[in-house]
Every structure is written in structure tokens, then in C-alpha cells.
Amino acid sequence: MLPETRHENPDWLDALRETGAEVFAATGLPTPANEDWKYSSLRKYEKEGFQISDIIGEIDTNDLPKKLLDKRIVFVNGFFQPRLSDQVEGLKAVSLLDWLSNEPEAVQENLVDVGNLSDMPLKAENTAHIRDGVALVLDAGVHIEKPIEILYLSTTKGVEVKPKYYLRNLFVLHDGAHLNVLENYQGQGTYAVNHVCDIALHENAEFKHYRLQNEDKNAYHFCHTRLMHHARSSYETVTCTRGACFSRHDIQSLLIGAEVSCNINGLYMLNGVQHFDTKILADHMEPNGVSKQLYKGILDDETRAVFQGKVHVRRPAQGTDGRQLSHAVLLSTAAEIDAKPELEIYADDVQCAHGATSGALDEDPLFYMQSRGIPKDQARRLLLGSFLSEVIEDIDCAAIQSIFQAQIDDWLLSHQGAL
Amino acid sequence: MLKIKNLHVEIDGKEILKGLTLEVPKGEVHAIMGPNGSGKSTLSYVVAGRDGYEVTKGSIEFMGKDITEMDPDERAALGLFLGFQYPVEIPGVTTTNFLKTAINAQRKARGEDDISPVDFLKLQKAKTEQLGIVPDMLKRGVNVGFSGGEKKRNEVLQLSMLDPKFAILDETDSGLDIDALKTVAEGVNAMRGSEKSFLVITHYQRLLDYIKPDVVHVLAHGKIQKTGGPELAHELEEKGYEEYINAA
Ligand SMILES: Nc1ncnc2c1ncn2[C@@H]1O[C@H](COP(=O)(O)OP(=O)(O)OP(=O)(O)O)[C@@H](O)[C@H]1O
Ligand SMILES: [Mg+2]
């Protein structure tokens with residue numbers, strides 16, 4: 001069931017894979033000795049013994065989760081499924097394999113600059129296995145304002161081993177292009193998925209990028225995002241995390257142009273033994289950039305969340321406005337959050353702020369609400385829901401906002417007993 | 001309506017109420033006055049059902065039912081209301097949403113249908129106008145960034161919208177300017193009737209000029225020390241609590 005092999009193996013790409021493989025062979029998986037991985041151990045992941053798999057069982061529309069938006073692009077076990085996907089006007093390419101066969105030079109241009117792989121072992125591993133992935137390419141001035149859903153479904157159906165899937169995703173928005181996307185990660189079974197996402201926002205481009213991580217509770221999810229921000233481009237992302245037993249999200253935002261705006265927000269709802277780690281870097285290199293990070297989450301049972309956010313302001317980046325906040329509510333004494341917001345500033349005319357809070361739900365508002373007739377579990381849901389909703393209140397796309405709201409409501413309701 | 005018998009209450013093992021007995025019949029307004037730290041707020045919390053206030057002896061009966069073991073929301077659904085001395089901030093939940101949720105939760109507990117959105121808005125509009133509350137406050141998080149007086153008005157707004165059978169007002173007058181005090185008193189007086197009772201906790205005679213109590217109690221050392229008519233409040237205003245403080 002693999003797509004036909006077309007022009008998917010140009011020399012430069014083979015060389016790139018080779019580099020990835022060499023680096024990964026040298027680094028191996030990151031360990032907590034690595035400062036970036038201080039709070040997250042991959043021992044359990046290693047023990048699972050995941051293996052690369054190319055199998056895509058028979059999947060038809062009935063096997064897919066409910067469509068969240070009008071248009072949907074579907075990937076199953078790492079490969080684009082044209083048969084299950086909708087046509088979207090205005091896109092030059094949809095999948096990496098497609099784009100490779102049409103415009104290999106353009107792909108090369110967008111793919112070869114991978115950064116320093118030895119600092120990013122999982123990205124190196126992904127690079128060694130580049131096959132397919134989403135590739136949404138918008139010509140200058142093209143506007144896609146209506147949100148598109150990209151479903152990444154991972155299954156273990158018909159797969160003998162515990163499978164490991166790699167996706168190499170590209171979003172390229174040329175000058176003045178607008179795009180609105182919801183990436184929806186779902187799956188069934190014990191599997192691992194490693195996404196690498198490269199985003200190029202050319203001048204005045206605008207990308208609204210939403211993510212819903214709802215992987216199987218036995219799955220491992222890795223996602224490495226690198227964002228190239230050219231002048232006056234704007235980026236807004238909200239990641240809603242509620243799936244996977246282990247997930248790690250790296251976001252590197254390189255503000256290489258002036259006057260860019262970069263909002264990186266997230267909300268998470270964890271229970272059981274889930275572990276969720278986010279590492280963000282906003283690297284301001286040019287003047288008058290705005291970057292904001294807001295992460296809020298609820299942790300129950302024996303869950304653990306890690307938030308390492310850094311705003312780096314280089315000397316030329318005068319007039320930078322950089323903010324990062326992490327807030328967590330702990331519903332159990334066994335839950336834990338490690339928040340490490342960091343500022344590194346070399347310019348003098350800047351406005352930067354950061355902060356982190358965590359703690360149990362306040363008893364006073366709960367009693368106040370109860371005294372007005374609201375039962376305790378409903379009062380808790382209302383308080384927790386409004387706590388999380390702050391992350392989505394500025395989303396101007398109503399369809400996306402209500403999808404996230406529904407996720408919050410659903411999680412809180414399914415925890416009624418535990419709350 | 002409310003019958004409290006020989007009530008002993010402990011907080012963290014420390015006895016605060018030491019055998020308090022009090023009865024507020026249907027249709028009456030009673031006032032409680034007493035020195036700081038005498039247990040007035042403790043009484044109001046324990047009647048409302050706050051966690052951590054342990055009833056070690058005695059009972060609280062409301063409308064013929066022993067409510068000592070009931071959750072606060074169950075008590076509210078029965079028609080009990082507490083106006084807080086220090087109203088609590090609830091960030092992220094707008095006053096409108098809060099009020100609607102509370103009204104519907106109480107209706108649900110009583111087996112009634114939700115209030116229609118139109119009826120709710122009508123009710124809210126009428127009550128906010130009556131109490132001179134600016135509509136903008138309804139869109140903000142409950143009590144978040146409200147001034148002391150605004151918080152107290154918000155308590156009275158909740159009181160009049162929830163329309164309970166029995167309300168305890170714990171120093172609802174402190175922090176209010178003179179005009180607000182009159183408005184609030186008018187709000188309470190408008191609710192007064194043969195079916196409703198109030199227990200008004202205050203330090204000031206002034207409130208009792210507007211809301212005329214039927215009975216005044218003096219609380220000190222965790223017990224009702226004296227019960228009398230409205231004239232008792234005047235007497236306290238003149239002489240203070242010395243007599244009761246030294247009683248122990
Ligand atoms: N959580 C608590 N832990 C320990 N002691 C408490 C607690 N809450 C109240 N108290 C004590 O109980 C006593 C009664 O307090 P309460 O608030 O009921 O007084 P009050 O009569 O309402 O006073 P005021 O007129 O100042 O409002 C005080 O001595 C107070 O310090
Ligand atoms: Mg008090």
C-alpha cells in the first residue's frame with residue numbers, strides 16, 4: 001500500500017538522509033545529562049523497542065475520526081492518502097512526495113537547511129528517515145483563511161511490530177500569503193511518531209497554526225518545529241495536548257526579519273502517568289519583534305509537565321517585546337510541573353517579562369460558588385475551564401476556538417469522577 | 001425558619017462557637033452585633049456549610065430539616081444565602097455566567113427547568129438597574145478588580161437574583177458609601193415579606209436605621225449574650241461591648 005516511488009530519491013536527499021543517520025548514530029537518544037532533556041527520560045521509550053514500519057493497513061473513511069472542519073487532508077502512518085483527502089484550492093503542493101516530483105529544487109531549497117543536527121538527535125533520526133509528510137506551499141499573495149484540518153492518523157492495524165512513524169512536514173508561505181491550519185494527531189495502539197516541521201514565513205506572511213495532540217494514551221509523540229520568520233510576518237500557534245503517554249515538543253522560532261509577531265501558546269490536560277515536555281526558543285535577531293508565550297495546564301494523578309521557554313534578544317533586536325508565562329493547576333499531590341522560563345537579553349531597549357505559577361485549585365472560589373448553589377464538581381469544571389480558556393480567548397477563528405473549547409469541556413467532563 | 005441549638009464549632013481544633021442558640025422565625029429580620037473575633041462570620045460560614053468548620057455538638061435546622069451534614073450547594077438550593085463579609089474573586093468566570101450557572105444549578109436541584117435566556121437577561125437587567133450596577137461589571141470576572149463597595153453591591157445583586165428564603169448578610173454594609181447603603185437597604189426591604197427571613201450581621205446602627213430589625217442579638221465569646229428589640233442596637237452604639245467582653 002505504499003505510494004509509488006517516483007522522484008523521491010534525488011542525490012541531495014540521499015545525502016541528507018545519510019547525514020541524519022550519521023549524526024544520530026553518533027549522538028544516540030538524548031539523556032537527562034543533556035540540559036535540554038533534564039526533566040525527561042527516554043528509558044521507557046527505549047524499552048518499548050519500536051521499529052520502523054512501512055505498512056498501512058486497509059483504511060477507509062469509516063476508520064477515520066470525525067472530520068473537524070470543512071476540508072481535511074489525511075495522512076496514515078506517515079503517508080499522504082489522496083483517496084481520503086479533500087481538494088483544497090490555492091495549494092501548490094499537499095504532500096512532500098508530491099512536491100518532490102513536481103519541484104525538487106524548491107523542496108531542496110526548503111529542506112537542506114536543517115540546523116545543527118547534533119543538538120537535535122531526534123530531528124537527526126527523522127532526517128535519516130525522510131519519506132513523506134505534509135507540504136503546504138502557498139504562492140505570494142495566496143490567502144487561505146478558512147481553516148484546513150490535517151489529520152495524522154497512526155494505527156497498529158495489521159502491523160506486527162510496535163511501529164515507529166516519521167513525518168517531515170513543510171509549510172512555506174511566500175510573501176503576503178495567509179494560511180490557517182489545524183493539525184490533528186490521533187491514533188490507536190502502542191506506537192511512536194516523530195514529526196519534524198519546518199515553517200518558512202516570508203515577508204508579510206501570516207500563519208495561524210493550531211494543533212490538537214490527541215494520540216493514543218500508550219503512544220509516544222515527538223515534534224520538532226522550526227520557524228523562519230521574515231520581516232513583518234506573523235505566526236500564531238496554540239497546541240492543545242491531551243494524548244500520548246510521553247510527548248515532547250520543541251519549537252524554535254527564529255525571528256530573522258524585523259517587526260515580526262510570534263505567539264506560541266499551549267494548553268494541556270493530563271492524567272494517569274502522562275508526561276509532556278515543551279521547549280521553546282524565541283530568538284529575536286532584528287528590531288521591533290513581538291513574541292509571546294502562554295502555557296496553561298491541568299495535571300492530575302502522577303503526571304508531569306515540563307515547560308522550558310526562552311526568549312533570546314540579540315543586540316540588534318531593539319524594541320523587542322518578549323513575554324512568557326507558564327501556569328499549572330495540580331489536582332493531585334503526585335503530579336509535578338517543572339517550569340523554567342528564561343530570558344537572555346543583549347539589547348537595551350526591550351520589554352520583557354516572564355513568570356511561572358503552579359498550585360492546587362483555590363478552595364475559596366469553590367466554596368463561594370457552592371454557596372450559590374453550584375455543586376462542587378461543576379464549580380471545579382467551571383474554574384478549570386475558565387483557567388484554560390484564557391489560552392484560546394484571542395483566537396479569532398470561531399470554528400477553531402469552539403473545537404478547542406469542546407476539547408476542554410470533554411476532558412473536564414470525562415474527569416468528573418476524579419475531580 | 002432557622003433554628004440553631006447549642007451549637008459548638010471548632011476550627012483546627014480550636015473552639016470558636018461555644019453553645020450558640022438562635023431562632024429566626026419566618027418573616028422576621030434579626031440583627032447580630034458583637035465585637036471583632038466573637039464568631040459572627042464563623043456562624044455565617046457554618047450555617048452555609050463551609051469545609052473545615054467542625055460542628056462538635058448541637059444542630060442547625062432550616063425549614064424543618066437538619067442541614068448540619070448537607071453540602072453548601074444543597075443548602076443553597078433549599079433557599080439559604082450568605083452575603084460574604086469578604087466576597088471572593090473568580091477570575092475568568094463572568095458575573096453573568098456565574099449568575100446564570102447558579103440560578104440553573106439551584107433550579108436543577110429543585111427539579112425545575114433552566115431559566116430561559118430571555119427571562120434571565122430581563123431579570124438581570126431589572127436587578128442591575130435597581131441596584132445601580134453598571135452593566136460593564138457583569139462582563140468582568142466575578143469580583144475581579146471590583147472596589148470594596150462594588151463587591152458588596154455584587155453580593156446584593158446575587159441575593160436579589162437568587163431570591164432565597166433566608167439570607168445572612170455578613171457586614172454587607174461595611175465599605176459602602178451612604179448612597180449605596182440606601183440602595184442596598186432598599187433592595188433588602190423590597191424582598192422583605194411574610195415568607196422571607198434575614199440575619200443581618202453589622203457593626204453599625206446606621207444600617208439598622210434603614211433595615212429595621214425585629215430582634216437584635218449580641219454575640220460574644222461564641223455565644224448569644226443578650227437578645228432584645230431594636231433599642232438594644234442603640235444601647236450598644238452608646239455603651240460598646242465592654243459589659244459583654246468582661247463577662248467571660
Ligand atoms: N481558619 C481559622 N483558623 C483559626 N482561627 C480562626 C479561623 N477563622 C477564624 N478564626 C478565629 O475565630 C474567631 C472568630 O472569627 P470570626 O471571623 O468569626 O469573627 P467575627 O465576629 O466575624 O469578627 P469581625 O467582626 O472582625 O468580622 C477569631 O478569633 C478568629 O481568629
Ligand atoms: Mg466577620
**Request:** Quick one: order A:Ile256, A:Ile280 from most to least accessible surface, probe 1.4 Å.
**Result:** A:Ile256, A:Ile280
**Heavy atoms of B:Asp163: accessible area, 1.4 Å probe, square angstrom to 10** = 80 Å²
**Request:** Please give the residues of the range B:1-28, grouped as numeric ranges, whose backbone N is less than 11 Å from a label point set 7 Å along the Cα-to-Cβ vector of B:Thr68.
**Result:** B:5-9
**Message:** Whole angstrom only: what separates the Cα centroid of the range B:143-197 from the Cα centroid of the range B:22-66?
**Reply:** 19 Å
**Peptide-level mean, for A:358-369, of C-beta atoms on other protein chains within 10 Å** = 5
**Fill in**
For the protein assembly as shown, whose charge dipole is built from +1 on Lys and Arg Cβ atoms and -1 on Asp and Glu Cβ atoms, the candidate among A:His275, B:Asn143, A:Ala135 with its Cα farthest towards the positive end is B:Asn143
**Request:** For the range A:84-122 and the range A:163-178, write down the distance between their C-alpha centroids in whole Å.
**Result:** 6 Å
**Request:** For the range B:8-25, take each phi angle, set θ = phi - 60°, evaluate the Karplus expression 6.51 cos²θ - 1.76 cosθ + 1.60, and give the result in whole Hz per residue in order, putting x for glycine and proline.
**Result:** 10, 10, 10, 10, 6, x, 9, 7, 9, 9, 10, x, 8, 10, 7, 10, 10, x
**Message:** Along the charge dipole of the range A:361-419, pointing to its positive end and built from +1/-1 on Cβ of Lys, Arg, Asp and Glu, which listed residue (A:Tyr368, A:Val391, A:Gln401) has its Cα farthest out?
**Reply:** A:Tyr368
**Message:** Given contacts defined as C-alpha pairs under 8 Å and at least six residues apart, what's the relative contact order of chain B, whole-number percent?
**Reply:** 28 percent
**Fill in**
antiparallel share of DSSP beta bridges within the range A:171-318, to nearest 5, in %, is 0 percent
**Asked** Calculated FRET efficiency, B:Asp177 and A:Asn102, Cβ-Cβ r, R0 56 Å, to nearest 0.05?
**Response** 0.15
**Prompt:** Quick one: of the DSSP bridges fully inside chain B, what percent are antiparallel, nearest 5?
**Reply:** 60 percent
**Item:** Distance between the range A:305-371 and the range A:20-80 - C-alpha centres, whole angstrom
**Value:** 28 Å
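What share of the DSSP beta bridges in the range A:295-404 is antiparallel, in percent to the nearest 5?
Just about 0 percent of them are antiparallel.
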**Prompt:** If you plug each phi of the range A:15-23 into the Karplus form 6.51 cos²θ - 1.76 cosθ + 1.60 with θ = phi - 60°, what whole-Hz ³J(HN,Hα) values come out, in order, with x for Gly and Pro?
**Reply:** 4, 5, 4, 4, 4, x, 4, 5, 4
**Item:** Sequence-distant residues sharing a close amide H with A:Gly289 (under 5 Å, placed H)
**Value:** A:Glu259, A:Val260, A:Thr320, A:Asp321
**Request:** Multiply the residue gap between B:Lys139 and B:Met191 by 0.36 nm, knock off their C-alpha separation, and tell me the result in nm, one decimal place.
**Result:** 16.2 nm
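Placing +1 at every Lys and Arg Cβ and -1 at every Asp and Glu Cβ, with all other atoms neutral, what dipole size does the range A:361-419 have around its Cα centre, in debye to the nearest 20?
Roughly 320 debye, rounded to the nearest 20.
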**Message:** Per residue of the range A:220-233, what does 6.51 cos²θ - 1.76 cosθ + 1.60 with θ = phi - 60° give for ³J(HN,Hα)? Whole Hz please, x for Gly and Pro, Karplus curve as stated.
**Reply:** 10, 10, 10, 9, 10, 10, 10, 10, 9, 9, 7, 3, 6, 7
**Request:** May I ask you to compute the full-extension gain from A:Glu342 to A:Thr31, defined as 0.36 nm times their residue separation minus their alpha-carbon distance, rounded to one decimal in nm?
**Result:** 109.8 nm
**Request:** List the relative contact order of the range A:76-220 as a percent without decimals, with contacts defined as Cα pairs under 8 Å and 6+ residues apart.
**Result:** 25 percent
**Asked** Which residues' amide hydrogens lie under 5 Å from the amide hydrogen of B:Gln225, considering only partners 5 or more residues apart or on another chain, with H built in the peptide plane?
**Response** B:Val218, B:Leu219, B:Ala220
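Per residue, how much accessible surface does the protein assembly as shown expose to a 1.4 Å probe? Answer in Å², no decimals.
Computed with neighbouring chains in place, this is 41 Å² per residue.
At 222 nm, what helix-only mean residue ellipticity would the protein assembly as shown give, in deg cm²/dmol to the nearest 500, using -39500 (n - 2.57) for each DSSP H run of four or more?
That calculation yields -8000 deg cm²/dmol at 222 nm.
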**Prompt:** Counting every Cα pair in the range A:361-419, what percent are over 13 Å apart?
**Reply:** 62 percent
**Message:** Let me check I've understood the local charge: for A:Glu149, count other residues with C-beta under 14 angstrom from its C-beta, Lys and Arg +1, Asp and Glu -1. What total comes out?
**Reply:** +4
**Prompt:** Looking at the protein assembly as shown, what % of the alpha carbon pairs are farther apart than 44 Å?
**Reply:** 37 percent
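Can you tell me the relative contact order of chain A? Whole percent, Cα pairs under 8 Å, sequence separation 6 or more. Could the numbers behind the result be given before it?
On the way: 1038 pairs, mean separation 40.6, N = 419.
Relative contact order, chain A: 10 percent.
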**Complete:** Out of A:Glu22, A:Glu89, A:Glu105, a Gaussian network model of chain A with alpha-carbon springs under 10 Å gives the largest mean-square fluctuation to A:Glu89
**Prompt:** Considering every residue in B:102-111, what mean count of other chain Cβ atoms within 10 Å of its Cβ is obtained?
**Reply:** 3
**Item:** Intensity falloff of the range A:124-189 expressed as log10 I(q)/I(0), Debye formula with alpha-carbon point scatterers, at q = 0.26, 0.29 Å⁻¹
**Value:** -1.15, -1.24
**Asked** How large is the dipole of the protein assembly as shown about the Cα centre if only Lys and Arg carry +1 and Asp and Glu carry -1, each at its Cβ, rounded to the nearest 20 debye?
**Response** 1760 debye
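Assign unit charges at the C-beta atoms only (+1 for Lys and Arg, -1 for Asp and Glu), then state the dipole size of the range A:251-316 relative to its Cα centre in Debye, rounded to the nearest 20.
Value, rounded to 20: 260 debye.
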**Complete:** Given Cβ charges of +1 for Lys and Arg and -1 for Asp and Glu, the option among B:Ala77, B:Val188, B:His217 whose Cα lies farthest towards the positive end of the dipole of chain B is B:Ala77
**Request:** Compute the label zone of A:Asp139 within the range A:106-128: residues whose backbone N is under 20 Å from the point 7 Å along Cα-to-Cβ.
**Result:** A:106-110
**Request:** Search the structure for amide H atoms under 5 Å from the amide H of A:Lys71, placed 1.01 Å from N in the peptide plane, and list their residues when 5 or more places away or on another chain.
**Result:** A:Glu149
**Prompt:** Just the accessible area for A:Lys208, please: 1.4 Å probe, Å², rounded to the nearest 10?
**Reply:** 40 Å²
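The values are calculated or read from the model by the stated rules, or taken from the named source; none is laboratory data. Computed from a predicted model, the values in this text were never measured in an experiment. No Cβ is skipped: glycine too gets one built from the backbone with ideal geometry, and neighbour counts run over all protein chains shown. For the accessible areas, the whole protein counts, side chains as well, though only heavy atoms, and no ligand, DNA or RNA atoms are used. Shrake-Rupley method; radii C 1.70, N 1.55, O 1.52, S 1.80 Å.
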